[in-house]
Amino acid sequence: MAKKVKKVASDFRYDTGKARVPWAAVGEVVRGQDVMNMVKFLIPAGDGKQTAYAQQLKKVEKEIDALADLGGFAGKLSLGNNVEALEKKCCSFLKAKHSLFLTNCTAGFEIAHQFAGLKPGDEVIAPALTFIATIAYPLSIGAKVVLADVDPMTHNIDPADVKRKITSKTKVIIPVHIGGYPADMAPIMALANKHNITVLEDGAHSFGASYKGKMVGTIGHFGAFSFHEVKNLTSLGEGGILCTNSAKFGKQFPQARFLGLNMAKKIPLWLYDVDPLETVDGGFTAPGNHSATEIQALCLINQMSRLKGIIAKRKKAAQYLNKRLGKVDGIILPPGDSKDIKSAYHLYQLIVAPDRIGGDIQDLKKKLDARGIVQIPHFAPLYKFNIMRKLGYDTAAMEASCPVAEDSFRHRFTHLPLYDFSTEQLDYMAQAIIDSVEEIKAGR
Ligand SMILES: Cc1ncc(COP(=O)(O)O)c(C=O)c1O
């Protein structure tokens, strides 16, 4: 029989006056069975442990049923108290004035570009080496994407090339902190301030990294982070945070997330209004719906409390690889932490000097593949993708204007994961790289 439910604190956004109408009246409540299915999905049976698993599951099921009998009503499932708590936690962790929990990082980019007043024909500068998500919104509205070359050591955007590529039409610059290592923000901000350009930091890989004493994502006008399942932290598979220190945009964050409605305002007797977003130049634009759920927020709040330990473990793995690989002539170690730079250690950059090993990264990748070493090769220069050619970009000219990105991708570098490896796994990985390089040197 369905449980009786009453209004709880997280219903507060809907002021239904004296009517005793609970939020649950417009949606099904969560039951023990729903929770059990989530438990089974999140923690499936291990190999060869089916019987013990089934027995344990029965016990858990009984306990959850008992809890469901004793328990109350979850309240709002979308944009409630947990989302609010997560945003507060992010503001305090990042030292940002405003943060907004979203479906994903790409949604954050969309909102930031909307605030920047991006229109078809305007220009956006992004690094050649990144994921397509970085430029998805400008491409989708017919803005012009200009790809800047990268630094040969960090593979982050090269400020000198940004300077060369700024025009009177440049509206947004998007530095990407690739692999968790901070891009060189100071010269980018100097250029942006000089030319009145909005800076959107793509922090998809870099939640928790810092640059010259500031958390990355808070140096530009906007910063967006990803909590997709392959990142250092995840809010159950998808999720993003957009942050800003701008009062003008921060106070519009709630309506930017949800169709122009500010859910933080009390809605008297369901009479509400819908507002557009006011852009950097005083124009208006219509927002979409990028709302995320309470369960996702709750998960991320928990995971955030483990972030320090997660980054420390990844850093240790990177240092171990550096120690082993540093002894090999022809392997170039990636830059690490310094007084000014603290990486989030999302990925490890494996860089080689082809003239010293007598082969290139493609030769090495084949050998690593044969030895079962996972690589993360998907940060190809964006001009290589069909989407650019089919949207009418002169991809040959783009390639010619990004010689470092092209050379690095073809011959010099790939990313390796820095997941929570065991000592044996790390040892295997390091040895496989060393053996493969020695084979290439010996012409085998
Ligand atoms: C560099 C970069 N930017 C942006 C994104 C997009 O993140 P999300 O999937 O949360 O939208 C990703 C995702 O992997 C990424 O690697």
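Quick note: the coordinates plus some simple rules give every number you see, no bench work behind them. These numbers were taken from a predicted model, which means no experiment stands behind them. Every residue, glycine among them, receives a Cβ derived from its backbone with ideal geometry; neighbour counts consider all protein chains shown.
Could you give the length gained on full extension between residue 438 and residue 291, defined as 0.36 nm per residue of separation minus the Cα-Cα distance, in nm?
On the way: separation 147, 0.36 × 147 = 52.92 nm, distance 5.14 nm.
Gain on stretching residue 438 to residue 291: 47.8 nm.
Placing pseudo-labels 7 Å out from each Cα toward the beta carbon at residue 195 and residue 316 gives an inter-label distance of 4.5 nm. The string of couplings for the range 243-254 from the Karplus curve (6.51, -1.76, 1.60, θ = phi - 60°) is 10, 7, 9, 7, 5, 4, 8, x, 6, 9, 3, x Hz, one whole number per residue in order, with x for Gly and Pro.
Which of rounded, prolate, oblate describes the range 81-304, given a ≥ b ≥ c as roots of the alpha-carbon gyration tensor eigenvalues and a/c under 1.5 marking rounded, otherwise prolate only if a/b is larger than b/c?
Values: a/c = 1.90, a/b = 1.29, b/c = 1.47.
Oblate, since a/c reaches 1.5 and b/c is not below a/b.
Quick one: work out the % antiparallel among DSSP beta bridges in the chain, nearest 5.
Working: 27 of 43 bridges.
Just about 65 percent of them are antiparallel.
Only helices enter this figure: runs of n ≥ 4 DSSP H residues, each worth -39500 (n - 2.57), summed and divided by the residues of the chain, yield -11500 deg cm²/dmol at 222 nm to the nearest 500.
Each residue of the range 176-185 was assigned a 3J(HN,Hα) from its phi angle through the Karplus curve 6.51 cos²θ - 1.76 cosθ + 1.60 (θ = phi - 60°); the sequence is 10, 8, 5, x, x, 8, x, 6, 7, 6 Hz, with glycine and proline shown as x. Each Lys and Arg adds +1 at its Cβ and each Asp and Glu adds -1 at its Cβ; summed about the Cα centre, the chain shows a dipole of about 1120 debye. Across the range 116-241, Cα-Cα pairs farther apart than 27 Å form 13% of the total. Between residue 97 and residue 169, the FRET efficiency estimated from the beta carbon spacing at R0 = 35 angstrom works out to 0.75.
Note on residue 251 and residue 37: the model spin-label points, each 7 Å out from Cα along the C-beta direction, lie 4.4 nm apart. In this structure the amide hydrogen of residue 348, modeled in the peptide plane, comes within under 5 Å of the amide hydrogens of 416, 418, none closer than 5 places in sequence on its chain. Can you bin the range 124-182 into rounded, prolate or oblate? Criterion: square roots of the alpha carbon gyration tensor eigenvalues sorted a ≥ b ≥ c, rounded for a/c under 1.5, prolate for a/b above b/c, oblate for the rest. Taking the square roots of the gyration eigenvalues as a ≥ b ≥ c, the range 124-182 is oblate.
Computed from backbone phi with θ = phi - 60° and the Karplus coefficients 6.51, -1.76 and 1.60, the 3J(HN,Hα) list for the range 381-389 is x, 5, 5, 7, 7, 3, 4, 5, 4 Hz; x is used for glycine and proline.
In this structure the amide hydrogen of residue 259, modeled in the peptide plane, comes within under 5 Å of the amide hydrogens of 288, 289, 290, none closer than 5 places in sequence on its chain. Between the C-alpha center of the range 215-236 and that of the range 39-90 there is a gap of 26 Å.
In percent, rounded to a whole number, the relative contact order of the chain is 17, using alpha-carbon pairs under 8 Å and six or more apart. Remark: for residue pairs 144/342; 194/248; 40/62, the C-alpha separation exceeds 23 Å in 144/342.
Sorted from longest to shortest, the spans of the Cα atoms of the chain along the three principal axes equal 79, 64, 43 Å.
Computed from Cα atoms, the angle from the helix 423-441 axis to the main principal axis of the chain rounds to 30 degrees. Under 5 Å from the amide H of residue 148 lie the amide H atoms of 126, 128, each residue being 5 or more positions distant or on a separate chain, with H modelled from the backbone and absent for Pro and chain starts. The dipole here belongs to the range 81-304: it is taken about the Cα centre, uses +1 on the Cβ of Lys and Arg and -1 on the Cβ of Asp and Glu, and is about 540 debye.
Between the helical axis of 307-325 and the dominant principal axis of the chain, each derived from Cα atoms, what acute angle in degrees is found, rounded to the nearest 10? Between the helix axis and the principal axis of the chain, the angle is about 10 degrees.
With a simple spin-label model that places each label point 7 Å from the Cα along the Cα-to-Cβ direction, the separation between residue 61 and residue 337 comes to 4.7 nm.
With the cut-off at 1.5 for a/c, could you classify the range 174-260 from its C-alpha gyration tensor as rounded, prolate or oblate? Note, shape of the range 174-260 comes out oblate.
The C-alpha atoms of the chain define a longest principal axis, and helix 361-370 lies at about 60 degrees to it.
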